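The values are calculated or read from the model by the stated rules, or taken from the named source; none is laboratory data. Fair warning: this is a prediction, and the values are worked out from it, not measured in the lab. So basically every Cβ, Gly included, is an ideal-geometry build from the backbone, and we count neighbours across all protein chains shown.
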Amino acid sequence: MIVGSRTTGSRGVTAVWCLGVFLCLGGPVAPAEEPVEPREPDVAAGRVLAGTCAACHGEDGNTLLPGHPNVAGQNARYLLRQMQYMRDGGRDPKTMAGQLDALTDENLADIAAFYASQSPRIGQASPEGIADGEAIYRGGIVDKQVAACTACHAPDGSGNPLAGFPSLTGQPKDYVIAQLTDYREGRRTTDREDYAGMMRHTAVNMTDAEIEAVANYVLGLH
């Protein structure tokens, strides 16, 4: 689009201005945005937010109640992901109903950081069935395609924080039994998005006795 012209010089050269010149040059250049640094979780804020969690999980994340997990020393990535599932409906433990509904991702990251900074309490495994539990934990059950737990949860049960695989060290026996059973029966599916269903594939071929043996073994694992 021509927006103006004028004649200059002895040869009558016409100078033409076009609005397209401005557009072709791309208009004014916006200043480059500074990269946003990820916010570091606030452990002190997490301690405050976790005050209401103490009734079930203990002051430091080591539970005193049956059926509840120890969250002390659990890796922050796993804790954050599970709390997001619970808040958003991807995981539905009845005891957590409504507990996280008003919390933001930053709030949850603070809580996760607080619990990750605490020391887990190690339990005492029963001698009965411990050899079977150790054999499954360390070697799996080859003929049933049950994978060894060490592959994701480490030989000492500490898990893999970078990958978000949880620590099993000192987890209460009844809680581990409940989770493995829920995976086996398809009631828990939080392995779907991040881990291609690996926990359900592992637990689906385990008997009650095998699940109990593993749960007993990890109670004292460290």
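How many residues are closer than 20 Å to ASP42 by Cβ and part of a loop (DSSP other than H, G, I, E, B) when one looks only at the stretch 87-103?
Here the count works out to 4.
From GLY26, GLY90, grab the single residue that is modelled with pLDDT under 95 and farther than 25 Å from ARG192 by Cα. Let's see the steps before the verdict.
Numbers: GLY90 fails: farther than 25 Å from ARG192 by Cα.
The unique qualifying residue is GLY26.
What is the residue count in the stretch 136-160 for residues that are within 16 Å of HIS222 (Cα to Cα) and surrounded by fewer than 16 Cβ atoms within 10 Å (Cβ to Cβ)? Reasoning before the result, please.
Our first condition is that a residue be within 16 Å of HIS222 (Cα to Cα); within the stretch 136-160, this holds for 137-138, 149-160.
Now drop any that are not surrounded by fewer than 16 Cβ atoms within 10 Å (Cβ to Cβ), which leaves 138, 150-151, 155-156.
Number satisfying all stated conditions: 5.
So SER117 ticks every box in (1) of a type outside the set (D, E, K, R); (2) surrounded by 16 or more Cβ atoms within 10 Å (Cβ to Cβ); (3) over 19 Å from VAL48 (Cα atoms) but one. Which box is left unticked?
(3)
Starting from the stretch 161-190, keep only residues that are over 11 Å from VAL218 (Cα atoms), then list their pairs with residues that are hydrophobic (A, V, I, L, M, F, W, C) and in a loop (DSSP other than H, G, I, E, B) whose Cβ atoms are within a distance under 7 Å, requiring at least 6 positions of separation or different chains.
Taking only residues 6 or more apart or on different chains, the pairs are LEU180/MET206; ARG184/VAL204; ARG184/MET206.
Across the stretch 57-92, which residue is farthest from the chain's Cα centre (by Cα) among those that are crowded, with 20+ Cβ neighbours inside 10 Å and small (Gly, Ala, Ser)?
GLY61
Give the number of residues within the stretch 123-135 that are surrounded by fewer than 17 Cβ atoms within 10 Å (Cβ to Cβ) and either aliphatic (A, V, I, L, M) or over 21 Å from TYR217 (Cβ atoms) (or both).
Selection size over the stretch 123-135: 3.
Looking at the stretch 104-111, is at least one residue surrounded by 14 or more Cβ atoms within 10 Å (Cβ to Cβ) and not in a helix (DSSP H, G or I)?
Scanning the stretch 104-111 turns up no residue that is surrounded by 14 or more Cβ atoms within 10 Å (Cβ to Cβ) and not in a helix (DSSP H, G or I).
Regarding THR104, is this residue under 18 Å from the mean Cα position of the chain (by Cα), more than 13 Å from VAL218 (Cα to Cα) and free of Cβ contacts under 8 Å to residues at least 12 places away in the same chain?
yes
Regarding GLU134, is this residue touching a residue at least 12 places away in the same chain (Cβ under 8 Å), of a type in the set (Asp, Glu) and within 22 Å of VAL176 (Cα to Cα)?
yes
Checking the conditions here, which among VAL71, VAL43 is β-branched (Val, Ile, Thr), touching a His at 6+ places or on another chain (Cβ under 7 Å) and either modelled with pLDDT of 95 or more or farther than 25 Å from TYR195 by Cα (or both)? Give the derivation first.
On the way: VAL43 fails: touching a His at 6+ places or on another chain (Cβ under 7 Å).
None of the others qualify; the one that does is VAL71.
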